[in-house]
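In what follows, a single structure is set out as structure tokens and then discussed.
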Amino acid sequence: MRSNLLMTLTISASLAFSITACSKSGAPKDGAMTDTSMASTPAKPMDTVAAKTADTMAAMPAKENPMVGGAAMYANKDIVDNAVNSKDHTTLVAAVKAADLVATLKGAGPFTVFAPTNEAFDKLPKGTVETLVKPENKEKLTKILTYHVVAGKIDGAGLMKQIKDGNGKAMLKTVNGGMITATMDGDRILLTDAKGGKAHVTIGDVYQSNGVIHVIDTVLMPG
């Protein structure tokens, strides 16, 4: 009887120890995260963040070109396609066509064009333009027009930097081989041609797909 009672007590103690051990092993450790809601939330991929940033930047308005001759100038169009829309440059466009320079100025470039207005051509002696556009004067006209073109894309900031770096003067080699001198006249850029004629940039930084246009108020003359 006594041995049976001892056996019963031993078995009960063993069972109690086993239950306690199992309970301790299954309990979470101190400080362990029991809420799995954060773990189930997937991290936001970096490419998604980058895509949203790109979309935001794309939605920002780009800097617009100034209006020229009452017309919008589009940076994704070439020099000729923009110039034909300016009512202030009909004489220049006619001269470019007469000199067969349309294909050249529609080329890849890039070109920096100093574009005289109609009023600039009107400053020339009477009959000069009418004489220049005649077929027999094509070579002379071409020489004058290409004197207004510089290879490369030089915006206003770049031109002013060249002037500063040149101690107040920048020498620009034109497509026809002649030189134009650029200086500052107050806060405006002043161009001096081979004959001493002077032209101010009145509208600068008109960006094109193949370069940049700077509108000027006087026709430049090569030597």
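Overview of values
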{"quantity": "Long-range amide H partners of Val68 with built H, under 5 Å", "calculated": "Met73"}
{"quantity": "Estimated vicinal HN-Hα couplings, Hz - the range 208-222 in sequence order (Karplus 6.51, -1.76, 1.60; Gly, Pro = x)", "calculated": "10, 5, 10, x, 8, 10, 10, 6, 10, 9, 8, 6, 8, 10, x"}
{"quantity": "His200-Asn76 FRET efficiency (beta carbon distance; Förster radius 30 Å; 0.05 resolution)", "calculated": "0.60"}
{"quantity": "Peptides 78-90, 180-192 ordered by average Cβ neighbours within 10 Å, highest first", "calculated": "78-90, 180-192"}
{"quantity": "Ascending count of other beta-carbon atoms within 10 Å, so fewest first, for Leu124, Leu92", "calculated": "Leu124, Leu92"}
{"quantity": "Out-of-range pairs (alpha-carbon distance over 27 Å; input Lys87/Lys153; Lys97/Lys198; Lys106/Lys173; Lys87/Lys123; Lys143/Lys169; Lys97/Lys161)", "calculated": "Lys97/Lys161"}
{"quantity": "Nonlocal amide H pairs with Ala115, under 5 Å, H built at 1.01 Å", "calculated": "His214, Val215, Ile216"}
{"quantity": "Which of His200, His214 has the fewest Cβ neighbours within 10 Å, and the rest in rising order", "calculated": "His200, His214"}
{"quantity": "Dimensions (Å) - the range 163-223, Cα atoms, principal axes, largest first", "calculated": "30, 27, 22"}
{"quantity": "Estimated FRET transfer efficiency (Leu124, Met67; beta-carbon r; R0 25 Å; 0.05)", "calculated": "0.45"}
{"quantity": "Kirkwood hydrodynamic radius over Cα pairs of the range 79-215, then Stokes diffusion coefficient at 4 °C and 1.567 mPa s, in µm²/s", "calculated": "85 µm²/s"}
{"quantity": "In sequence order, calculated HN-Hα J values of the range 87-99 (Karplus, 6.51, -1.76, 1.60; Hz; x Gly/Pro)", "calculated": "6, 8, 10, 5, 5, 4, 4, 4, 5, 4, 5, 5, 8"}
{"quantity": "Loop trypsin sites (Lys or Arg not before Pro), the range 140-181, which have at most 14 other Cβ atoms in a 10 Å radius of their Cβ (DSSP)", "calculated": "Lys169"}
{"quantity": "³J(HN,Hα), Karplus 6.51/-1.76/1.60, whole Hz, each residue of the range 158-172, x for Gly, Pro", "calculated": "x, 5, 5, 5, 4, 5, 5, 5, x, 6, x, 8, 10, 9, 10"}
{"quantity": "Mean Cα-pair separation over length for the range 79-215, i.e. relative contact order, pairs under 8 Å, 6 or more apart, %", "calculated": "26 percent"}
{"quantity": "Interchain or long-range residues, amide H under 5 Å from Gly211's placed H", "calculated": "Phe111"}
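Every number here is computed from the coordinates shown, using simple stated rules; none is lab data. No experiment lies behind these values; they were computed from the predicted model shown. Heads up, the Cβs are rebuilt from the backbone with ideal geometry, glycines too, and the neighbour counts pull from every protein chain shown.
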